[in-house]
Amino acid sequence: MERKEDIGRMHTAGLTIDFEYGELWRGLHRSNPLSFKRPFSFTVYQDRDKYMAEDWRGRIRYEDDDASEVIQSVVDAVRTPNPNKEGWDYARGSIFIRAGDYELSSPINCTKLDHLHIQGEKLGGHGGFGTRLIVKHDGIGMDLTGSRWFILRNLHFYGDSGYSPVLLFLARTSAGESVGGGIIDECTFDNGGTGRCDFYDYGGESILIRKCNFFSTGYPIVITGRNILDLSSPFVDIADPPQSMSNVRIVDCEFYKYGSLLPVLLESCARITFERCFFGTPSDTYSIRIGEKEGYGSYVRGLTIRDCVFESRVMDAPDIPSGVINLEDFIFEGNSIDCDTTEPFIKLIKVNTYYVDVDNARIMNNRYADADTRAYEIRIYYLRRGFIDLYAGVHKNVNIKLTIDCYIRESDIWCYDSTKLSIANGSNYRVHGCAFTQNSGVAVFSGDGSTTEFKIEHGLVNTPSKYGVSPLTPDAHADKTISVDSTYIIITFSTAPPSGTDNLKFGWWAEV
């Protein structure tokens with residue numbers, strides 16, 4: 001790589017002029033010392049067939065026809081030895097990469113480097129590429145093993161077709177230094193090749209993934225305390241025995257099918273949170289999987305899934321020959337599921353001799369699309385200390401089914417219809433049935449010129465003792481009588497209303 005210490009660049013009247021600094025630079029700098037100052041330590045960009053890196057004064061410091069070389073050079077340039085931790089460095093400065101395609105022929109080594117900040121240029125909104133780092137090899141795109149307090153923002157990681165990369169790699173070192181305190185913000189991970197994984201976190205701690213999009217032919221995210229994909233860093237020895245792995249928040253992210261998208265994989269980890277995420281994978285796909293390796297000791301503790309939208313089945317466990325997977329302190333709350341499938345949307349069952357032990361689960365206040373016509377089922381092998389609400393967040397229970405294959409104890413189940421419960425064995429659990437005693441809404445009908453009777457299903461436990469109907473459209477004001485039974489509020493017109501589309505609208509309420 002050619003290094004140019006004393007070459008400047010000026011852009012004027014559509015022309016690019018390179019010049020020696022000499023007296024020109026010294027004169028400009030004396031007259032206005034901040035005239036060339038940039039907000040970033042280095043700015044990387046593409047100029048025709050070359051990649052360039054300028055320092056904060058606008059001086060070209062690095063150029064090469066290989067983007068990997070230029071980006072690696074500026075990462076190395078911001079490294080400053082950490083006097084308090086031998087072998088580790090501080091990043092004394094930040095890096096900005098302008099919009100464009102940057103082909104990476106080799107991994108970017110960001111290992112054992114604290115406070116690294118790399119920011120791309122956001123371009124074109126949701127569909128735009130912006131700063132795209134194209135991984136054109138079978139290894140790792142960017143390696144952050146042992147680094148802490150990093151920020152990656154507005155970067156588009158892309159796995160080129162024909163290769164099998166891991167786009168972003170985070171691991172604990174053999175010295176026990178974990179990746180931690182990192183923020184990955186508004187990035188896109190698009191593994192268009194036969195990629196194994198977009199984002200691999202082995203033994204990391206306190207990572208925030210926010211407003212990112214994931215497309216993959218492999219795993220979009222793997223969070224694990226065991227090196228289940230048997231990966232290694234080309235730069236640093238990583239931990240060999242199982243590691244602690246905790247506290248990852250995935251917020252406002254989107255996951256889409258790209259080829260044969262595999263689920264988000266959680267294995268031997270703790271305190272993992274998904275909030276306000278969208279899973280746009282097909283109905284026959286599970287979006288999240290817990291556990292992977294055969295044998296005892298696999299666990300996921302403190303998993304929270306809240307306010308997410310699933311156009312897919314939600315979660316399952318792998319089909320392994322033997323072992324136990326422990327799912328502890330599981331919260332599934334306030335989510336929307338729109339999954340047209342006959343398979344359980346949560347499937348934690350026994351296959352062969354392996355099973356899932358679910359302890360302290362809270363499944364409540366969720367919403368299910370078109371539930372009157374779909375078979376939503378929660379299927380669990382073993383449940384202890386559970387609180388499961390099958391009311392689906394609407395006025396009456398819908399077609400939600402709970403199956404406990406083995407044993408349930410110390411749990412509360414809230415449901416409208418106990419026939420939708422299947423419990424093989426258990427003790428010290430309670431089933432609560434809620435009888436709805438009041439309800440209200442708006443009913444809309446279309447007249448056909450001959451029908452005089454229209455029925456509103458009130459959804460109450462018994463025949464209402466109090467009720468009211470208010471016409472909201474002109475045709476609904478015609479002469480009529482109102483009656484009720486145990487299922488319906490019945491509106492009977494003296495004369496059939498005229499034909500029309502949605503020309504009969506009523507506000508209604510009822511109370512037992």
I'd like the residue in segment 494-512 that is in a strand (DSSP E or B) and among the hydrophobic types (A, V, I, L, M, F, W, C) and, out of all such residues, is farthest from Tyr416 (Cα to Cα). Leu504
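Name the single residue, out of those in segment 273-289 being open to solvent by 30 Å² or more (accessible area, probe 1.4 Å) and more than 10 Å from the chain's Cα centre (by Cα), that is nearest to Cys339 (Cα to Cα). Don't jump to the end; show me each part of the working.
Within segment 273-289, the first condition is being open to solvent by 30 Å² or more (accessible area, probe 1.4 Å), and the residues that meet it are 275-276, 278, 282-284, 289.
Okay, now just the ones that are also more than 10 Å from the chain's Cα centre (by Cα), so 282-284, 289.
Working: Pro282: 8, Ser283: 5, Asp284: 8, Arg289: 17 Å.
Looking at residues that are open to solvent by 30 Å² or more (accessible area, probe 1.4 Å) and more than 10 Å from the chain's Cα centre (by Cα), I get Ser283.
Within segment 201-208, can one find any residue that is under 12 Å from the mean Cα position of the chain (by Cα) and surrounded by 22 or more Cβ atoms within 10 Å (Cβ to Cβ)?
Within segment 201-208, the subset under 12 Å from the mean Cα position of the chain (by Cα) is 208.
Add one more test, that the residue is surrounded by 22 or more Cβ atoms within 10 Å (Cβ to Cβ), and what stays is none.
Checking segment 201-208: not a single residue is under 12 Å from the mean Cα position of the chain (by Cα) and surrounded by 22 or more Cβ atoms within 10 Å (Cβ to Cβ).
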Taking the condition in contact with a strand residue (DSSP E or B) (Cβ under 7 Å, 6 or more places away or on another chain), of a type in the set (Asp, Glu), open to solvent by 10 Å² or more (accessible area, probe 1.4 Å) and at pLDDT 85 or above, does Glu294 pass? no
So which residues in segment 345-367 are within 15 Å of Ile388 (Cα to Cα) and of a type in the set (Phe, Trp, Tyr)? Phe345
Taking segment 419-464, which residues are in a strand (DSSP E or B), of a type in the set (A, V, I, L, M) and modelled with pLDDT of 85 or more? Leu421, Ile423, Val442, Ala443, Val444, Ile456
Any idea which residue in segment 232-272 is surrounded by the fewest Cβ atoms within 10 Å (Cβ to Cβ), counting only those that are under 17 Å from the mean Cα position of the chain (by Cα), over 23 Å from Asp319 (Cα atoms) and of a type in the set (A, V, I, L, M)? Val251
What residue, among those in segment 368-418 that are within 18 Å of Gly459 (Cα to Cα) and among the β-branched types (Val, Ile, Thr), is modelled with the highest pLDDT? Ile400
Residues that are in contact with a Pro (Cβ under 8 Å, 6 or more places away or on another chain) and either assigned to a strand (DSSP E or B) or surrounded by 15 or more Cβ atoms within 10 Å (Cβ to Cβ) (or both), drawn from segment 465-493: Asp475, Ala476, Ala478, Val484, Ile489
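When the residues of segment 37-95 are narrowed to those that are of a type in the set (S, T, N, Q) and in contact (Cβ under 8 Å) with a residue 24 or more places away in the chain, which ends up nearest to His137 (Cα to Cα)?
Applying the first criterion (of a type in the set (S, T, N, Q)) to segment 37-95 yields 41, 43, 46, 68, 72-73, 80, 82, 84, 94.
With the extra rule that they be in contact (Cβ under 8 Å) with a residue 24 or more places away in the chain, the set shrinks to 41, 43, 46, 68, 72-73, 82, 94.
On the way: Ser41: 28, Thr43: 25, Gln46: 21, Ser68: 11, Gln72: 16, Ser73: 19, Asn82: 32, Ser94: 26 Å.
Going through the qualifying residues, I end up with Ser68.
So which of Ser174, Ser164, Ser147, Ser178 ends up being farther than 20 Å from Gln119 by Cα, in contact (Cβ under 8 Å) with a residue 24 or more places away in the chain and open to solvent by less than 10 Å² (accessible area, probe 1.4 Å)?
Ser178
The values are calculated or read from the model by the stated rules, or taken from the named source; none is laboratory data. Since the structure is predicted, the reported quantities are computational estimates derived from the model, not experimental observations. Here the Cβ is made from the backbone with ideal geometry for all residues, glycine too, and neighbour counts use every protein chain on show. Please note that ligands, DNA and RNA were not included when accessible areas were found on the heavy atoms of the full protein model with its side chains. Shrake-Rupley method; radii C 1.70, N 1.55, O 1.52, S 1.80 Å.
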